[in-house]
Amino acid sequence: MDWIWIRHGMTEGNREKRYIGGRTDEGLCDAGRQKLEKKRSCGFYPAADRVYVSPMKRCLETAEILYPKVEKRIVEGFRECDFGLFEQKNEEELVFLPEYQSWLDSRGKAPFPEGESPEGFHRRSKEALLLLARKEKMPEKTAFVVHGGIIMALFSQLDEAGGEFYDYYTDNGAGYVCNPDRLGDGLIFRNCRRLF
């Protein structure tokens with residue numbers, strides 16, 4: 001069984017290096033849409049029999065471009081992390097904010113001010129996937145069109161290689177393929193490899 005994990009295409013906020021999280025329902029920018037269409041037409045994306053997708057526009061639009069004729073099911077728990085005060089801001093706008101400096105000093109381990117904690121986000125992501133895996137019979141080729149944070153949270157918890165959160169960073173429109181293996185009530189990702 002192959003699970004194909006794809007980060008949504010580029011948005012204007014991504015292009016401007018802004019924190020675009022669970023509060024900002026931003027669609028793809030023209031350049032992001034064009035890059036996805038070009039990669040799809042060149043055969044970069046593996047075929048899938050079903051797509052699970054975040055409820056946010058950028059993921060829904062990406063799923064429609066990459067898998068226009070494939071059944072899509074929305075998973076609320078795959079919403080991106082809530083960046084709180086940092087939402088829609090870039091580093092230039094945050095650099096003088098004391099809360100931002102405190103967060104940087106924590107090496108990203110502190111909760112986002114007025115937002116989600118890393119532990120809460122990781123737990124939410126994993127619980128959403130485990131619930132999905134328990135209640136649905138997934139086809140042999142299943143795609144997930146989600147956010148970069150979701151991919152990093154899940155792979156840092158479930159990849160048998162045991163990488164750290166930022167080891168799994170992926171560009172817009174890129175991602176991973178893995179072979180899921182059930183372990184009791186849990187999951188492990190085996191043979192994880194980058195799509196491109």
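Results, tabulated for the structure shown:
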read-out: Listed peptides 24-31, 158-165, 171-178 by packing density, highest first (mean Cβ within 10 Å); value: 171-178, 24-31, 158-165
read-out: Of the chymotrypsin sites (Phe, Trp or Tyr not before Pro) in the stretch 82-131, those whose Cβ has at most 13 other Cβ within 10 Å and which sit in DSSP loop; value: F96
read-out: Under Karplus coefficients 6.51, -1.76 and 1.60, residue-wise ³J(HN,Hα) of the stretch 41-53 in Hz, glycine/proline x; value: 5, 8, x, 5, 9, x, 5, 9, 9, 7, 10, 9, 9
read-out: Three-way shape call for the stretch 1-75 based on the alpha-carbon gyration tensor, with the a/c threshold at 1.5; value: oblate
read-out: Inverse of mean 1/r across different Cα pairs in the stretch 1-41, Kirkwood, Å; value: 11.4 Å
read-out: Two-decimal Rg/Rh across the chain, once Rg and the Kirkwood Rh are taken from alpha-carbon atoms; value: 0.96
read-out: Pairwise FRET efficiency - E16 versus V95, Cβ, R0 = 25 Å, nearest 0.05; value: 0.95
read-out: Förster radius 41 Å - calculated FRET efficiency between K137 and Q34 (Cβ-Cβ, nearest 0.05); value: 0.70
read-out: Rounded if a/c under 1.5, otherwise prolate or oblate - the stretch 88-146, Cα gyration tensor axes; value: prolate
read-out: Share antiparallel - DSSP beta bridges, the chain, percent rounded to 5; value: 45 percent
read-out: The chain: calculated mean residue ellipticity at 222 nm from DSSP helix runs of at least 4, using -39500 (n - 2.57); value: -10000 deg cm²/dmol
read-out: Per DSSP, loop trypsin sites (Lys or Arg not before Pro) in the stretch 8-56 with at most 12 further Cβ within 10 Å; value: K17
read-out: Of Q101, Q88, Q34, the one that fluctuates the most in a GNM where the chain has Cα springs shorter than 10 Å; value: Q101
read-out: Options G148, G162, I74, ranked by Cα towards positive dipole end of the stretch 20-174, top entry (Cβ charges); value: I74
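Readers should treat all values here as calculations from the given coordinates under stated rules, not as data from a laboratory. Everything numeric in this text was worked out from a predicted model, so none of it was measured. All Cβ positions, even for glycine, are placed from backbone atoms using ideal geometry, and neighbour counts span all protein chains on display.
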